[in-house]
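Novice: One structure coming up, written as structure tokens, with questions to follow.
The values are calculated or read from the model by the stated rules, or taken from the named source; none is laboratory data. These figures come from a predicted structure and were not determined experimentally. Don't worry about glycine lacking a Cβ; one is built from the backbone with ideal geometry, like all the others, and counts go over all protein chains shown.
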Amino acid sequence: MQQSNMEGRTAVVLGGTSGIGKEIVKSLAAKGATVYLSGRSAESAENAATEIGMGTIGLAVDLSEPEHIAASLSSIASVDYLVIPAIERDSNTIADYNIAGAVRLVTLKLVGYAESIHALRDRFSTNASVVLFGGLAMERPYPGSTTVSTVNGGVVGMIHTLACELAPVRINAIHPGIIGDSPYWENKDNSPIISRTPLGRLVTMQEIVHSVEFLLENTGVNGVNLNMDGGWLFK
Ligand SMILES: NC(=O)c1ccc[n+]([C@@H]2O[C@H](COP(=O)([O-])OP(=O)(O)OC[C@H]3O[C@@H](n4cnc5c(N)ncnc54)[C@H](OP(=O)(O)O)[C@@H]3O)[C@@H](O)[C@H]2O)c1
């Protein structure tokens, strides 16, 4: 059994029903934290909480509808760790621009992330810590990443201003490259990306979980945008 070092702590993972978020939920819960996880619907959140077990609690929170976020989070009494990996992917190009998809993703990442922090900030504990998710499509776009590349760049600026605004609460972000075993990428041909990655392989979800826990727990790290790409940008 994993060593328990988060007993008595409360974690909130918004977008914790699948992919990287779900792995973060499992790890924090296994270490003893009480974990709230969310998906867009009560059904997806409750199904994930039942599957993961360990006392996890499912909440329905749609970050693309920020007016409702505060009410959706009202049952949470206190927060030690807030992690926001939520994404509703928008495959978009300037040549064939889909306004509705772009507005939902821009709202989710740039307003929904901020409003979630705003709504919970009066319940942050003294040593609370926040981790947001951007991604390296901001540096290396791919076909269809127009909105994703744009909002990930916005997350960088959000970290800089909120590190000042939330103090002494800390806030940092993870910017993954292509995470090879995540549901979105695991069945794609990633060989061109692997060939440009100095590690000779793609970063894994467990490596992302490890980096999230480092940012949550290391009390000296603040305002950092941490690339997790195995050196992809340098080759
Ligand atoms: N996977 C990668 O390789 C990669 C690369 C770069 C960056 N990232 C970043 O890492 C994070 C996690 O990515 P992932 O691939 O692991 O994600 P994922 O598997 O697609 O999971 C997305 C999560 O977001 C939730 N969600 C979707 N729409 C939402 C909305 N409108 N409001 C609130 N929650 C919503 C989903 O819940 P329901 O479906 O249950 O509603 C689910 O829990 C994202 O922020 C992404 O930008 C990932």
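Novice: Only one residue in Ser64, Ser27 is surrounded by fewer than 22 Cβ atoms within 10 Å (Cβ to Cβ), within 12 Å of Val83 (Cβ to Cβ) and at pLDDT 95 or above, so which one is that?
Specialist: Being surrounded by fewer than 22 Cβ atoms within 10 Å (Cβ to Cβ), within 12 Å of Val83 (Cβ to Cβ) and at pLDDT 95 or above holds for just one of Ser64, Ser27, which is Ser27.
Novice: So for the stretch 1-18 (the condition being surrounded by fewer than 20 Cβ atoms within 10 Å (Cβ to Cβ) and in contact with a helix residue (DSSP H, G or I) (Cβ under 6 Å, 6 or more places away or on another chain)), does at least one residue qualify?
Specialist: Checked against the condition, which is being surrounded by fewer than 20 Cβ atoms within 10 Å (Cβ to Cβ) and in contact with a helix residue (DSSP H, G or I) (Cβ under 6 Å, 6 or more places away or on another chain), the stretch 1-18 yields at least one hit.
Let's see how each residue does on (1) at pLDDT 95 or above; (2) within 13 Å of the chain's Cα centre (by Cα):
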{"residue": "Arg104", "(1), (2)": "yes, no"}
{"residue": "Lys109", "(1), (2)": "yes, yes"}
{"residue": "Asn127", "(1), (2)": "no, no"}
{"residue": "Glu139", "(1), (2)": "yes, no"}
{"residue": "Asn152", "(1), (2)": "yes, yes"}
{"residue": "Val155", "(1), (2)": "yes, yes"}
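Novice: Within the stretch 203-223, is even one residue more than 16 Å from the ligand (Cβ to nearest atom), touching a Lys or Arg at 6+ places or on another chain (Cβ under 6 Å) and farther than 26 Å from Ile94 by Cβ?
Specialist: yes
Novice: Then there's this: Give me the residue from the stretch 160-174 that is β-branched (Val, Ile, Thr) and either surrounded by fewer than 22 Cβ atoms within 10 Å (Cβ to Cβ) or in a loop (DSSP other than H, G, I, E, B) (or both) and, out of that set, farthest from the ligand (Cβ to nearest atom).
Specialist: Val169
Novice: As an exercise: evaluate Glu186 against (1) surrounded by 15 or more Cβ atoms within 10 Å (Cβ to Cβ); (2) more than 22 Å from Glu65 (Cα to Cα); (3) within 11 Å of the ligand (Cβ to nearest atom) and give the number of the one condition it does not meet.
Specialist: Of (1) surrounded by 15 or more Cβ atoms within 10 Å (Cβ to Cβ); (2) more than 22 Å from Glu65 (Cα to Cα); (3) within 11 Å of the ligand (Cβ to nearest atom), only one is false for Glu186: (1).
Novice: Looking at Ala95, Ala45, Ala86, Ala77, can you tell me which residue is hydrophobic (A, V, I, L, M, F, W, C), within 10 Å of the ligand (Cβ to nearest atom) and part of a loop (DSSP other than H, G, I, E, B)?
Specialist: None of the other options fit; the residue is Ala86.
Novice: Check Leu216 against each of (1) surrounded by fewer than 21 Cβ atoms within 10 Å (Cβ to Cβ); (2) part of a helix (DSSP H, G or I) and name the one condition it does not meet.
Specialist: (1)
Novice: Filter the stretch 135-157 down to the residues that are of a type in the set (Ser, Thr, Tyr) and touching a strand residue (DSSP E or B) at 6+ places or on another chain (Cβ under 6 Å), then identify the one that is nearest to the ligand (Cβ to nearest atom).
Specialist: Filtering the stretch 135-157 for residues that are of a type in the set (Ser, Thr, Tyr) and touching a strand residue (DSSP E or B) at 6+ places or on another chain (Cβ under 6 Å), the one nearest to the ligand (Cβ to nearest atom) comes out as Thr147.
Novice: Mind counting the residues in the stretch 1-42 that are farther than 20 Å from Thr126 by Cβ and in a helix (DSSP H, G or I)?
Specialist: Residues flagged as farther than 20 Å from Thr126 by Cβ and in a helix (DSSP H, G or I) within the stretch 1-42 amount to 12.
Novice: Follow-up question, since we're still on this one. Check Val151, Val131 and return the single one that is β-branched (Val, Ile, Thr) and either over 20 Å from Leu233 (Cα atoms) or assigned to a loop (DSSP other than H, G, I, E, B) (or both).
Specialist: Only one candidate passes the filter, namely Val131.
Novice: Identify the residue in the stretch 30-42 that is of a type in the set (A, V, I, L, M) and surrounded by fewer than 24 Cβ atoms within 10 Å (Cβ to Cβ) and, among all such residues, is farthest from the ligand (Cβ to nearest atom).
Specialist: Ala30
Novice: Of the residues Ile194, Ile174, Ile117, only one is touching a strand residue (DSSP E or B) at 6+ places or on another chain (Cβ under 7 Å), more than 19 Å from Arg89 (Cβ to Cβ) and not small (Gly, Ala, Ser); which?
Specialist: Ile117
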